[in-house]
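Peer 1: Have a look at this one.
No lab work stands behind these numbers, since they all come straight from the coordinates. Predicted model, so just to flag it, every value in this text is computed and none were measured. Here Cβ is always computed from backbone atoms with ideal geometry, including for glycine, and neighbour counts include all displayed protein chains.
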Amino acid sequence: MKKINLFAGLKDFLILWSSQTASSLGTSMTSFALVIWVYSQDETASSLTFMTICLFLPTILFRFIAGTMADRWNKKRMILFCDLVAACGTLTILILYSFSLLQVWHLYLINFLLSFMDSFQVPASTVATSLLVPQEQYTRVSGLQSFSGSVVSILAPALGSVLLAWGGLTVVLIIDLVSFAIAFITLLVFIKIPEKQQNTDDNSEPFLKSCLSGICFLQKNAALLRIILFFAVINFFAKLGGDGMMSVFVLSKTGGNQNALSMVETANALGVLMGSLLIMGIKPAVRKTRAIFISCAIAFGVGNALLSFSDSLWFWILTSVISCIATTILGANLTVIMRTHVPIHMQGRVFSARDTIMNASIPLGLFLGGILADYIFEPFMMSPSVVQHGLSLLFGSAKGSGVAVIFFLVGIIGFIISIAALKDPLYKKLDQSGDS
């Protein structure tokens, strides 16, 4: 009997993936260490929040342009250039810190620059992966990428803490630069990314029109546009609930116990890891849209609604693991659908349009979640009334009970939306093979 090679055709991808994972671990440890450093300067949440904003905004503002450039330009050179700029950012932090000149506002500027580079690197890397990987391996590759992401999420805080205690921020930054050098040299010397023949019309059309062509492509493909808009709505509710408010929920419920929050975040990473292993080990789903919507319903039902009823840390850990397994399965199948139905010469632009549409609702979800928690639900659950008494039987009346109510409502709404999507016949078109 002929032995089946699960990783057939993935040699170059596996080499690149391994080196990029090492670099990602170094970057994640630096991010963790910088959060600790920034908080030690003034102990305010706003300083950390603004760092996140600086990392988030450029990916929305510049992704359309980046997608067009990823389709037109050499992918390998784009990735190398973006990596080099990112390394310069880390080196700048190291120099400033070594001479005791580093200030919080320096990190705001550097984070904005790094996010700007990431806006270009992500679409280039996405298209490069499609060029390196056989189509029948798309699902397995998505699982590998989720696997590496979860491993990094698990190891980075632990290793970052050890390195900070042993050698301080300087050691963390040096290791980040070393991991970058490994990834940079590996891509430069050992990996050849094939360049697919460009569409003549794409190269001749005006740049601005080319930037908008991703939106035009989606407008002509109703099923793809529908599922992207579906996830724009889902992302709004996810950030309004467990995905965006989990730290608030855990810290308020436990009286600011950072160890409890760390355990829940580790559980999330373990869930992604388990989901990734599951994706790599099982046969790809035939009806991918069905897998997506069922997984989404489970994530909301378990990770929001069910979690909201308990004050037990171990129950939060269990529900977080289950929710993240479902979310990982969802993400892998969505990626396969996109790669299958979008021609490779347009993937940079279309994927950028997808990310912009799907992520545009996230800031509103985060903002509204904080407002609802601080000014409506938390005060309401602290003020005796008939309705409050009924809700307190399910969610308690101590600090954090208002956030629990938000989780429950978001979980029910997300579950209903996901199940309703199963009945939409338009999505069935996405289960058919596309031309890439």
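Peer 1: If I model a spin label at LEU229 and TRP166 as a point 7 Å from the Cα along the Cα→Cβ vector, what separation in nanometres do I get?
Peer 2: Inter-label distance under the simple model: 5.3 nm.
Peer 1: OK, next. Counting each DSSP H run of 4 or more residues in the chain as -39500 (n - 2.57), what helix-only mean residue ellipticity at 222 nm follows after dividing by all residues, to the nearest 500 deg cm²/dmol?
Peer 2: When only DSSP H runs of four or more count, the value is -26000 deg cm²/dmol.
Peer 1: Rounded to the nearest Å, what's the spacing between the alpha carbon centres of segment 87-128 and segment 369-403? Just the number, please.
Peer 2: Segment 87-128 and segment 369-403 have Cα centres separated by 41 Å.
Peer 1: What ranking do 382-395, 307-320 get when scored by the average of other Cβ atoms within 10 Å per residue, highest first?
Peer 2: Ranking the peptides 382-395, 307-320 by packing returns 307-320, 382-395.
Peer 1: Given a Förster distance of 25 Å, report the FRET efficiency between ALA181 and ASN74 from their Cβ-Cβ distance, rounded to the nearest 0.05.
Peer 2: With a Förster radius of 25 Å, E is 0.70.
Peer 1: If I take R0 = 35 Å and measure r between the Cβ atoms of SER98 and SER312 in this structure, what FRET efficiency does the formula 1/(1 + (r/R0)^6) give, to the nearest 0.05? List each step's numbers first, then the result.
Peer 2: Values: r = 46 Å, r/R0 = 1.30.
The value I calculate is 0.15.
Peer 1: Modelled label-to-label distance, LEU368 and CYS88, 7 Å Cα→beta-carbon offset: nm?
Peer 2: 4.0
Peer 1: Compute the label zone of GLU136 within segment 7-25: residues whose backbone N is under 20 Å from the point 7 Å along Cα-to-Cβ.
Peer 2: 7-14, by backbone N distance to the label point.
Peer 1: Roughly how big is the chain's charge dipole about its Cα centre, with Cβ charges of +1 (Lys, Arg) and -1 (Asp, Glu), in debye to the nearest 20?
Peer 2: The calculated dipole for the chain is roughly 1400 debye.
Peer 1: I would also like to ask the following. So for ASP12, ASP83, ASP176, fewest C-beta neighbours within 10 Å to most, what's the order?
Peer 2: Lowest to highest Cβ neighbour count: ASP12, ASP83, ASP176.
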